[in-house]
Amino acid sequence: AGNPPGPQLMQPRIVAADPRGFAVANDIRITRAAGLGASPVPDLVCVPDLNVMPGESLDGRFEAEIEWLRACHAGGAIIGTACSGALLLAHAGLLDGHDATTHWAFNEDLQRTYPAVKVCPGRALVASGSEQRLVMAGGGTTWLDLAVYLIARMVSVQAAGLVHSVYYEED
């Protein structure tokens with residue numbers, strides 16, 4: 001406590017198709033910094049939970065986001081997601097033929113709706129696809145495992161260790 005922050009090692013940026021931003025759980029409104037495609041393909045894309053119910057169809061929804069995710073993936077970006085966000089990757093066809101995980105409440109829907117996806121319900125974290133650029137966390141607090149994994153991969157194992165020690169610090 002009281003230590004000055006270290007150097008900024010990543011430059012996160014919130015992008016969205018809707019200029020008004022979007023609502024997440026508990027109707028918290030997130031304001032976007034830019035529209036989709038307003039900047040070069042990022043190195044890393046983090047897809048949040050979709051705030052959908054199990055069994056809810058994605059047909060006709062998130063079309064701009066799906067096209068953008070496909071373009072980012074084709075451009076070499078790593079795409080990470082937690083909970084129901086894996087459904088969006090599956091809907092985009094990015095998970096076809098690959099291992100995947102999602103929140104336990106969506107495992108059956110993921111397998112039934114996207115039979116080309118190899119659902120691994122017992123795994124909390126899955127990295128799959130070309131160069132393991134599709135990274136999913138199962139749900140609940142596994143988003144933290146995803147964050148630590150991505151920091152280790154994108155920045156350094158040392159930086160990930162610092163993050164891990166802050167969140168898992170024992171009293």
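Every number here is computed from the coordinates shown, using simple stated rules; none is lab data. Computed from a predicted model, the values in this text were never measured in an experiment. A quick note on method: Cβ atoms are made from the backbone with ideal geometry, for glycine too, and the neighbour counts reach across all protein chains shown.
Key figures
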{"item": "Descending Cα extents along the principal axes, the range 1-94, whole Å", "result": "47, 33, 24"}
{"item": "Length released on extending from ARG70 to VAL15, taking residue separation times 0.36 nm less the Cα-Cα span", "result": "18.3 nm"}
{"item": "Part-to-part distance (alpha-carbon centres) for the range 135-171 and the range 34-81, which is given in Å", "result": "21 Å"}
{"item": "Degrees separating the helix 63-74 axis from the principal Cα axis of the chain, which is the longest one", "result": "60 degrees"}
{"item": "Taking the C-alpha atoms of the range 1-54, convex hull volume expressed per residue in Å³", "result": "160 Å³"}
{"item": "Antiparallel %, DSSP beta bridges [both residues in the chain], to 5", "result": "40 percent"}
{"item": "Per-selection Rg to Rh, the range 48-148 - Cα, Kirkwood hydrodynamic radius", "result": "0.92"}
{"item": "For peptides 146-158, 31-43, 88-100, sequence by mean Cβ density within 10 Å, most packed first", "result": "88-100, 146-158, 31-43"}
{"item": "Label-point gap, in nm, between THR31 and ASN3 - each point 7 angstrom along Cα→Cβ", "result": "3.2 nm"}
